1. Report in % the part of the accessible area of the chain that belongs to carbon and sulfur, leaving out ligands and nucleic acids; probe 1.4 Å.
2. Report, in listed order, any pair from Lys79/Lys188; Lys138/Lys158; Lys30/Lys91; Lys91/Lys147 with a Cα-Cα distance greater than 22 Å.
3. Relative to the longest principal axis of the C-alpha atoms of the chain, give the angle of the C-alpha long axis of helix 267-276, reported between 0 and 90° and rounded to the nearest 10°.
4. By a straight-distance test (C-alpha under 19 Å), which lysines pair with Lys381 as possible cross-link partners, with residues fewer than eight away in the same chain excluded?
5. Where does the charge balance sit around Ser48 when Lys and Arg score +1, Asp and Glu -1, over other residues with C-beta under 12 Å from its C-beta?
6. Given contacts defined as C-alpha pairs under 8 Å and at least six residues apart, what's the relative contact order of the stretch 83-193, whole-number percent?
7. Of the labelled options (1) 21.6, 68; (2) 25.0, 85; (3) 26.2, 82, which one gives Rg and Dmax of the Cα atoms in Å as computed for this structure?
8. Sequence-distant or interchain residues sharing an amide H contact under 5 Å with Leu130, placed H: which?
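The values are calculated or read from the model by the stated rules, or taken from the named source; none is laboratory data. None of these values were measured; they are calculated from a predicted model. Quick reminder, even Gly has a Cβ in these numbers, built from the backbone with ideal geometry, and neighbours come from all protein chains shown. Please note that ligands, DNA and RNA were not included when accessible areas were found on the heavy atoms of the full protein model with its side chains. Shrake-Rupley method; radii C 1.70, N 1.55, O 1.52, S 1.80 Å.
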Amino acid sequence: MEDDSDSEQSSWADLPDVCLRHVFHWLGDKDRSRAALVCKKWSQAMYSGSLWRTRTITFSGQPSRAHTFEFKTALWYVKKFGKYLEHLEIKLLYPYNTVITRKFQATMRGLLSHLGKCNSRLISLSIKNLELDRLVWKNMVRAQFIKNLGTFLKRMSKQLDYLNLKGARVTLEEGCGLLNSLSCLTNKSFISEINIEDFFSLHLSVYSSTLFHQTMSKFHSLVILTFNYNCISDELLDILREYSAHSLRTLNIKCHIHDPHGQVVWGMSWANLAKRAPKLNVNFFFERVMKHDHLARILLVEIPVRSISLRSCYFSDPDWMMRPTLTNLLPAYWHMLQKLTLEVNNDHEVLDDELLQLILSCRRLFFLKVWAFLNVTFMEKLLHNRAERRCFLTTIKVRIYTARQETSEEDRLLRDIYKKFKNLIDSELNYFVITYPMV
């Protein structure tokens, strides 16, 4: 028995460093700290830089003892392992009161200050959904946080390649100031990906701001840009064409009902950009912007649209007639549309035939997600056409709304349809279809 025990201990002691690091990779912070006490070799393994390159630091927005510990742990981590960081994500989960935002600001001041001094590897930073326009952010706390973040971005401007400030909700001056921090040293920024979706406060007409245009003209190597439609203008498209056309691949554009979206953007501006950036794909995400005339002003035929998402968020409005959009507007993208998401409360109109015809006309469409009032027979027709190779979907996710609480008959029909097309579904499709009572 003693020989077996000695042999087992010896095998762990002789474990190659690469294997030991792999074991440590799957351990949490507490378990890593405990394992590091076993021996000198394990202690050295804990301080291997490969274990600490990626980090998500989460701060709870609710007051508790654990909340206080989160702030201390975050500072401890940065002081111990901050020099190894390459990808950092920070989350503040819906702060409950001003005390929490003040503690968060103080912690972030120390965290960013130490990281700015010790780190030369950080290439990715994400701080999402801060919602700095909420009342829990006092003016002084908010201003100090933005100042500290701007200072940090200046220090990291030469190495950062990805920045995500989605949901910050700042003023136009504050937002442009933060973005300008990335180019303050050379008056140019070569960052490749920026996410500024919901970055500016609601209701701002960013598209008319000269300050915003000047800020965006400093980015010279954008590959992916995620932002809101209230930023779009002919001037912005010209700036992207002039400075980033050689690198630009993706524009993700969110259009929300509460953001200004009535501006006129010429199709020629889109055409010029698409010509200079031939690999450009544009993805649209509409939130409760459902009226055909509004969509027609935005979805111009010159745009190289790859993905469209239309969501009404369960709201219903007789003015939201989807039939013209499905029959007249979206078919213009038959040769390029690859992903289509429709989440609509169409209790006032039947869309089965129009939706099926749209799917069949889009020759490159491979992803379909639909939440809508549909007849169950729609699924049988769709799968029949897929089996006949008249469409090329690989993902089908459908939630069939019903006006009745009882859905047993619809569920039975869906099971029969699945059995009929079981071979196709199991071998070629990512398939998920259910019924959902809307009562």
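1. Looking at the chain in its full context, I get 53 percent from C and S.
2. Lys79/Lys188; Lys138/Lys158
3. Approximately 50 degrees, to the nearest ten.
4. Lys369, Lys397, Lys419, Lys420, Lys422
5. Working: positive: Arg21, Arg32, Lys41, Arg53; negative: Asp17.
With Lys, Arg at +1 and Asp, Glu at -1, the neighbours total +3.
6. 31 percent
7. Computed from the coordinates, Rg and Dmax of the Cα atoms in Å corresponds to (3).
8. When sequence neighbours closer than 5 places are left aside, the close amide H contacts are Ala168.
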